[in-house]
C-alpha cells in the first residue's frame with residue numbers, strides 16, 4: 001500500500017504536466033479563427049474544465065508530502081505533526097479542503113456532461129448533416145454552457161456548507177494518514193448531504209455514463225445506415241448507367257447511313273471507358289467511406305471504454321461509501337479512493353488524445369499554427385540580427401572629398417530645397 005501511494009503521488013506531476021500542456025494545445029487550435037464551430041466550442045469548454053479540475057486536485061496531492069505540511073525547523077519534531085509546527089499551506093488546505101473538493105467535483109461533473117454534449121452534437125452531424133451548427137458564440141451555446149456549469153455546481157455545492165473543521169488537541173504521527181484537523185458533518189445538514197449524494201450518484205455518474213453509451217451507439221447506427229443508403233444509391237446509379245450503355249451499344253438502325261452508324265459506334269466506344277471510370281470512382285469512394293466508418297467506430301469504442309474504465313471505479317466506490325457512511329474510513333478505503341481519483345485524472349488527460357489529436361484536420365491545423373509561430377519567431381530574430389550587423393565605415397580608408405565639393409553639394413541641396 002505504501003508503494004502504491006508513492007507511485008500514485010509521483011505519477012500525478014506527469015498527469016498534471018500532460019493535462020495542462022495538452023489542453024493548452026487544444027485551446028490554441030480550437031479557439032483559432034478557422035476552427036470556430038459549436039462542437040469545437042464545446043471541446044474548448046471541456047479542455048478548460050479539465051484544466052481547472054487538475055488545478056483543483058493539485059493541493060490534495062501536495063498535502064500528502066510531509067514537506068508541505070511541517071516546518072523544517074530545529075524546534076519541530078521530525079516524525080510528529082504538532083500544531084505549532086504546521087506550515088501555512090497546511091492551515092490553508094485544512095480550512096479550504098472542502099471548497100477545493102467542491103471545485104474538483106464541479107469541474108469533473110461539468111467535463112462529463114460536456115463530453116456527452118459533444119457526442120450528441122456529433123450524432124446530430126451524422127443524422128442531420130444539413131442542419132446549421134456553425135455558430136460558435138450564439139446565445140444558445142452560451143445558455144447551454146451556463147446551464148451545464150450551473151446545474152453541476154448546484155449538484156456538488158453541498159461540500160461547501162455541510163462540514164466544519166474540528167481541531168484535535170494531540171500530536172499526530174507524520175507517517176499516518178491522520179491530521180490535526182477533522183472535517184465533521186454538521187448534524188443539521190445530514191439529510192441535505194444524503195440527498196445531494198444520491199443526486200450526485202444519479203446525475204453525475206450514472207446518467208452521463210448511460211447517455212454516453214446510448215448516444216455513441218446511435219452514432220454508429222446512423223453512420224452505418226447512411227453508408228448503406230449511399231452504397232445502395234451508388235449501386236442503383238451504376239445499374240442505370242450500365243443499362244443506358246447497353247441500350248446505346250445495341251441500338252442500331254439499318255435504315256440509316258453508314259456515316260451515322262459509324263458515328264454511333266464511335267460514341268459507344270467513347271462512353272464505355274467513361275462508364276468504367278465512373279464505376280472505378282464509385283468503388284474508390286465506397287472504400288474510403290468504409291475506412292472512415294471503421295475509424296469512427298474504433299474511436300467511439302475507445303472513447304466509451306476509456307470513460308468507463310476511468311469513471312466506473314469511482315462510481316462504485318462512491319456508492320459503497322454512501323451505504324457505509326456510519327462506519328469509519330479504513331486504510332483500504334483511503335487507498336481505493338486515491339486509486340480511483342488517479343484513474344479519473346488519467347481519463348481527463350486522455351480527453352486531449354481521444355477528442356482532438358485523433359482528428360487529422362486538428363493535427364494539420366496544429367502543425368500550421370506551430371509552424372506559423374516558429375516562422376514568425378525566426379523572422380523576428382533574423383530582422384534583429386540584420387539591424388545589429390550594419391557595416392561600419394572605415395574612416396581611415398575612406399577618401400576625403402575634394403576641397404569645396406562638400407560646400408558645393410551643400411549649396412546645391414539648399415538650392416533644391
**Request:** Residues being in contact (Cβ under 8 Å) with a residue 12 or more places away in the chain and within 17 Å of the chain's Cα centre (by Cα): count how many of those fall in the range 6-29.
**Result:** 13
**Message:** Quick check on the range 290-320: of everything there that is at pLDDT 80 or above and surrounded by fewer than 16 Cβ atoms within 10 Å (Cβ to Cβ), which residue is farthest from residue 116 (Cα to Cα)?
**Reply:** 320
**Item:** the range 331-348 residues that are at negative phi and touching a residue at least 40 places away in the same chain (Cβ under 8 Å), paired with ones that are surrounded by 16 or more Cβ atoms within 10 Å (Cβ to Cβ) and not in a helix (DSSP H, G or I) (beta carbon under 9 Å, 6 or more apart)
**Value:** none
**Message:** Take the conditions surrounded by fewer than 18 Cβ atoms within 10 Å (Cβ to Cβ), modelled with pLDDT under 95, within 24 Å of residue 163 (Cβ to Cβ) and more than 28 Å from the chain's Cα centre (by Cα) and apply them to residue 95. Does it pass?
**Reply:** yes
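The values are calculated or read from the model by the stated rules, or taken from the named source; none is laboratory data. From a predicted model like this one, the values you see are computed outputs, not experimental measurements. Reconstructed Cβ throughout: ideal geometry from the backbone, glycine too, with neighbour counts over all protein chains shown.
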